[in-house]
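Notes follow once the structure below has been shown.
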Amino acid sequence: MIRNYYAQLLLRLIALVLIAFLVCYTWMAKGHILLVGALFLAMIIIFFNTLRYLRKTDRKLLYFFEAIKNDDHTIRFSSDTGDRTLDTLSDRLNGLNARIQEVRIANQQQDQYLKVLLEHAATGIMAFDRKGFIVHCNSSVRKIFGLEVFTHIRQLDRVNEQLYSAVKSIKPEEQKLVSLQQGTGLVQILLKASYFESAGDAYYIVSAQDIRNELDEKETDAWIKLIRVMMHEIMNTITPITTLSESLSQYLVKDAEPMKPSELEQGSVDVVVKGLKVIAGQGQGLIRFVESYRKLTKLPKPDKSLFKIEDLFIRISALFKSIPGNETRPVSLKINPSGMELFADEGMISQVIVNLVKNAYETGEGKPGLRIQLSASLNQGNRPEIIVTDNGPGIKPELIEQIFIPFFSTKENGSGIGLSISRQIMRLHGGSLNVFSEPGKETVFTMSF
């Protein structure tokens, strides 16, 4: 088509040039005036014919692009004009228009599919622009927020001020937990955000999920595990006391009557005294257990201040290096960026780190080449993290979920509250304490703020 178009145009230009040359030649040779006039008229006719030919092509292209601009796909060009070039152009434009219409229909079907998919999602999803206007939201998010019509995030202010503030200030890849009081009770809403740009406009996508049932299940499971451990500890203490008390009573009772002091033998008295000491020891152990529980449930509110992580690391490293046997296996330090600061309760954070490093030394006791590293850095969300890494024996996969349960311990004389308190301290700071372990290779505790 392009070759034919250029050929037609070239022929017309050649004809114009030849006729112009003949007009000039005839005029200079003082030829017949009528011949000059005829040639000049022919040149004008060919010029306007060329101009009309170009305009036909331009007009078709202009109509086509205007139709596409106005989303009008009903336009059709005749391909039976007798002009091979224009007919070919019409066929191509009609084909392109049909293809664009097919893509448009496919996009509409895809868009409709995604909308139906979002409507069926149990998780509430909403998208809004920089000004807070809702671009799209599904029925789940309207149900969660109790809104029949949702057009702007400012409407959330009437639902709950904390909710509106959380949605308005949430940043990409951030999560926030908001509590809402509704007719069915207290609802826990987990908000997650992402961000994307399209055609120069910015949009925020926020998902809202009611995790009340999940939290209730986890809380119930945690209580069951805690009660199981507490019952185990209490029964281990009470059972020997009960058994021993029954045994001792046999030394002081005869024929179902208490024995008189004169009837008691010195050996029996010695056995009873020793038994009472054992009962007292068991009682003291139970008191210590209850005291541990009190410590776990009565942690103070963090007194936050800004401090340098490097100074804290140096003090902790010096503390463990001063313990006999640790001189040849000091704690290595790594901070990036240098001069990194943390806004937290320095004493409580120190307590967590000391506990983690102490556990690393105890579990790796007797292992040659034990290495423990304290590191601090910023994660992908530009938030501070403190990581304690060791190459000790590691933690078995079946124990990973249990090590944070209060009073659970793999150590013979362990209280089982160190890691529980450490995780609770991190939660009081709005952070988390997680563990990854590859037995026989490394264990990594991550304190995320």
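The values are calculated or read from the model by the stated rules, or taken from the named source; none is laboratory data. These figures come from a predicted structure and were not determined experimentally. All Cβ positions, glycine included, derive from the backbone under ideal geometry; neighbour counts span all protein chains shown.
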Self-check item: Residue identified as modelled with pLDDT under 85, under 29 Å from the mean Cα position of the chain (by Cα) and either surrounded by fewer than 16 Cβ atoms within 10 Å (Cβ to Cβ) or within 19 Å of residue 423 (Cβ to Cβ) (or both) among 379, 355
Solution: 379
Quiz item: Going by the conditions given, is residue 135 free of Cβ contacts under 8 Å to residues at least 12 places away in the same chain, of a type in the set (Val, Ile, Thr) and over 14 Å from residue 208 (Cα atoms)?
Solution: no
Quiz prompt | Output for region 114-140, where each listed residue is within 16 Å of residue 205 (Cα to Cα), at pLDDT below 85, of a type in the set (A, V, I, L, M) and outside any loop (DSSP other than H, G, I, E, B) | solution = 114, 117, 118
Practice problem: Could you please give the count of residues in region 423-449 that are among the hydrophobic types (A, V, I, L, M, F, W, C), under 17 Å from residue 371 (Cβ atoms) and surrounded by 15 or more Cβ atoms within 10 Å (Cβ to Cβ)? | Solution: 2
Quiz item: Condition test on residue 111, is it surrounded by 14 or more Cβ atoms within 10 Å (Cβ to Cβ), assigned to a helix (DSSP H, G or I) and acidic (Asp, Glu)?
Solution: no
Quiz prompt | residue 147 vs. criteria more than 13 Å from residue 210 (Cβ to Cβ), over 25 Å from the mean Cα position of the chain (by Cα) and surrounded by 12 or more Cβ atoms within 10 Å (Cβ to Cβ) | solution = yes
Practice problem: Could you please find all residues in region 157-212 being in a helix (DSSP H, G or I), at pLDDT 85 or above and in contact with a strand residue (DSSP E or B) (Cβ under 7 Å, 6 or more places away or on another chain)? | Solution: 162, 163, 166, 167
Quiz item: Which numbered condition trips up residue 407, out of (1) touching a helix residue (DSSP H, G or I) at 6+ places or on another chain (Cβ under 6 Å); (2) surrounded by fewer than 19 Cβ atoms within 10 Å (Cβ to Cβ); (3) at pLDDT below 80?
Solution: (2)
Exercise. Report whether or not residue 25 is in a helix (DSSP H, G or I), exposed (fewer than 15 other Cβ atoms within 10 Å of the Cβ), at pLDDT below 70 and of a type in the set (Phe, Trp, Tyr).
Key: yes
Quiz item: In this structure, is residue 332 modelled with pLDDT under 90 and out of contact with any Lys or Arg (no Cβ under 8 Å at 6 or more places or on another chain)?
Solution: no
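Hey, among 310, 233, which residue is closer than 30 Å to residue 422 by Cβ, modelled with pLDDT of 65 or more, part of a helix (DSSP H, G or I) and acidic (Asp, Glu)?
Matching residue, one of 310, 233: 310.
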Quiz item: Of all residues in region 341-358, how many are among the acidic types (Asp, Glu) and either touching a residue at least 60 places away in the same chain (Cβ under 8 Å) or outside the structural domain of residue 320 (by TED's automatic domain parsing) (or both)?
Solution: 1
